[in-house]
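Written below as structure tokens is the structure these notes are about.
The values are calculated or read from the model by the stated rules, or taken from the named source; none is laboratory data. Predicted model only: the values in this text are computed from it and were never measured. All Cβ positions, even for glycine, are placed from backbone atoms using ideal geometry, and neighbour counts span all protein chains on display. Just the protein is used for accessible areas: all its heavy atoms, side chains included, with ligands, DNA and RNA removed. Shrake-Rupley method; radii C 1.70, N 1.55, O 1.52, S 1.80 Å.
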Amino acid sequence: MDNKNINFISRQLMRSSTKGYLSTEFCKKNKEKVKITHLKKPIPFSSFIMTAFDYDGTPLLLLSELSEHTKNLKENNIASLMFYEEIKNESFFPTFNYKKIRFRCSYEDPMSRPRLTLLGKLELTSSISHKNRFINRHPASKLYANFADMKMYKFNIIKGHLTGGFAMVKWFEKDDLIYKITTGFEENEFGVMQHMNEEHQMSINLYANKLLNEKKKKNWRITGIDPEGFDIRNGKNFNRLIFQKSLKDSKQLRKEFVLLHKKASTL
């Protein structure tokens, strides 16, 4: 696996994640609240969070100002964010072959599957696009996303570390994990997505059933589009379809959706 490819598949591992694990440093106020001020060394605090992504792949988080992790961030906004494979993709991360080592096991060891940890700085974002991308990805969040204590954050990547299974490890720079060409997507994504969901339901179902082998036959909806692919959801079921070739401009989307429809129709 060459470096260019491993950068791409690691970004797709990240983009296909709907949740992650955020680790922050326990702040002074939290230490006082739980009465552990006698512990002088930094204390890590891990939280379960939901994730969305900007067009370039930057993680987007919706966090409550009342939560422990957000209080921690106000004192130290450097954190780590870990993703574990949610959608299995053996073309990117093949199943470990235990036969090679003459070992038998009745299940696949979770440690043989990929996970990606990011180091970065969290900062508030007032972008309407960021909030919309998060809500479209997580429809239930519409219930509380506009509460006064809920704020959108960008996770600005500093470094990344992939453990892609046994003997597949790499450290990344920020530029390895960010896709820089995003022309027109912020302006056009929501219009294209609305058009597809309202006028081309049959095509979306074809993408899900034929290209992603999803068992749910109908009522799939596109929840987000970026230059490298798009996300679909049917209730609790979530998946991601990656374009055969990454796009340079949102004007290429119509042609790409037509080509995918033709491909799915032949299967």
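Observations
- Cβ charges +1 (Lys, Arg) and -1 (Asp, Glu), total dipole of region 36-99, debye: 400 debye
- Between helix 185-199 and the chain: long-axis angle, C-alpha atoms, 0 to 90°, nearest 10: 50 degrees
- When only the Cβ of Lys, Arg, Asp and Glu is charged (+1, +1, -1, -1), the dipole of the chain relative to its Cα centre reaches about 780 debye.
- Inter-label distance, nm, simple model (7 Å from Cα along the C-beta direction), HIS195/ASN156: 3.5 nm
- Based on protein heavy atoms only, the chain ends up with 56 Å² per residue of surface accessible to a 1.4 Å probe.
- Report summary: the helix-based calculation at 222 nm, which adds -39500 (n - 2.57) for every DSSP H run with n ≥ 4 and divides by the residues of the chain, gives -8000 deg cm²/dmol.
- For region 28-109, trypsin sites (Lys or Arg not before Pro) are listed when DSSP marks them as loop and at most 13 other Cβ atoms sit within 10 Å of their Cβ; the list is LYS35, LYS40, LYS88, ARG102, ARG104.
- Comparing ASN30, MET50, LEU62 along the charge dipole axis of region 1-138, the residue lying farthest to the positive side is ASN30, per the Cβ-charge model.
- Acute angle (nearest 10 degrees) that the helix 3-15 long axis makes with the longest principal axis of the chain, alpha-carbon atoms: 80 degrees
- Choice from ALA52, ALA167, ALA79 with maximal GNM fluctuation in the chain (Cα, 10 Å cutoff): ALA167
- Protein accessible area in the chain, 1.4 Å probe - carbon and sulfur %: 54 percent
- Protein-only accessible surface order, largest first, of HIS138, HIS200, HIS38 at 1.4 Å: HIS38, HIS200, HIS138
- Out-of-range pairs (alpha-carbon distance over 30 Å; input LYS142/LYS218; LYS33/LYS121; LYS41/LYS142): LYS41/LYS142
- Taking all Cα pairs closer than 8 Å and separated by 6 or more residues, the relative contact order of region 176-225 comes to 38 percent.
- Added length on full extension, which subtracts the Cα-Cα distance from 0.36 nm per residue, MET168 to ILE181: 1.9 nm
- FRET efficiency for the LYS41 to LYS262 pair, using the beta carbon distance and R₀ = 41 Å, is estimated at 0.10.
- Within the assembled protein chains, the solvent-accessible surface assigned to TRP171 is about 150 Å², based on a 1.4 Å probe.
- Between helix 253-265 and the chain: long-axis angle, C-alpha atoms, 0 to 90°, nearest 10: 60 degrees
- If R0 is taken as 45 Å, the Cβ-Cβ distance between LYS255 and ALA140 corresponds to a FRET efficiency of 0.85.
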